[in-house]
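Engineer: Before I ask anything, here is the structure I am working with.
Coordinate-derived values only; no laboratory data. Bear in mind that the values here come from a model prediction, so they are computed numbers and not experimental data.
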Amino acid sequence: MQEEYIHILEPFNPKLHKAICFIDVDGTITPGPSSWEHLHEVLGTAKEAEKNTTLFFEGKIDYDEWAKRDVNLWKGRKKEEIEKALEEIEVRKDADKAVKKLRKLGCYIILISGGLRALVERIAIKVGAHAFSANDIIYDEKGKVLRPIAKVAMNKELVAEEILQRLGINGKKLLKIAIGDSINDISLFKWADYSIAVDPTHEEVYKNSHEMVNPSSFCDITEKIERWLNKKKEKNLFKKI
C-alpha cells in the first residue's frame, strides 16, 4: 500500500484560482518549535534527539535515517499520546483570517510541512487550506508508534511539483508563492515567483527570499502578498492556466 503524504481537501478550480500559495507550518503558521521538537520535549526525548540532529547537520546520516532515529525514541508510545501532545501547538494570530483573505484574492492554499500530519491536517482544516502535505507516523495494530513516513524535507520544491501534477496544473503557467522560515524552505523559495521569510531561523533563509517579515499577526503577511498580486494584475502578468 502506498504511503500517502499529499492530501487534497478541495479541488483546484482554474476559474477561481489565479495563484498557488505554499505555506510552511512549523515556525510559520505556528509560532513555536517544530512538531518534532515539541514531541521530544513533551515525551522527554529531547536530549537524545539533539544527537540525531547533530549527526544530520554534520552529514553523517540522511533525512530518512534522522526521522527513523527520532521516531525510534518514541517506540511503544500510543497514538493518542502523540496526538494529544500535538494538540497543544497553536497557530499564529489571525491565521484563519489571513488564509480566508488569500482565498478571496484567488490563491489556492497548500500547507507544505516537514512536520507531522496530526498537526498539519488539524491546522489545514482550521485555517481553511485547500490541500496539505506532511510527514507522518505509522502505528502498529495496537496503536503504538512503529515507524515514520518521511517524504517532506529539504526537497519541498519537488513535493510542490508533485502536488501540482496531481492537481493537473502546469506550474509554469501559474503564479507561485512560498512562505516559510527555515533552511528547509530555501529550495521552495528559489522555485517560487515570490517568497516571504517569516522570522527566519538562518541568514540564508532571508537571503533567498524576496521579503522578510516579523509578524504580530499572520495578516501582516497577507498584506504583502496582496500588494504583490496587485502589481502583477496591474501589469497584466496573471498567467493563463
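Engineer: In 10 Å bins starting at zero, report the fraction of Cα pairs in the range 90-177 per bin as a rounded %.
Structural biologist: Spelled out bin by bin, the range 90-177 gives 15, 41, 33, 10, 1 percent.
Engineer: Please compute, over every Cα-Cα pair in the chain, the percentage with a separation greater than 31 angstrom.
Structural biologist: Every Cα pair in the chain considered, those over 31 Å come to 21 percent.
Engineer: Considering every Cα-Cα pair within the range 34-164, what fraction, in whole percent, is farther apart than 25 Å?
Structural biologist: The proportion of pairs with Cα distances above 25 Å equals 31 percent.
Engineer: Another one. With Rg and the Kirkwood Rh both taken from Cα atoms, where does Rg over Rh land for the range 36-86?
Structural biologist: Numbers: Rg = 11.2 Å, Rh = 11.3 Å.
That ratio is 0.99, to two decimals.
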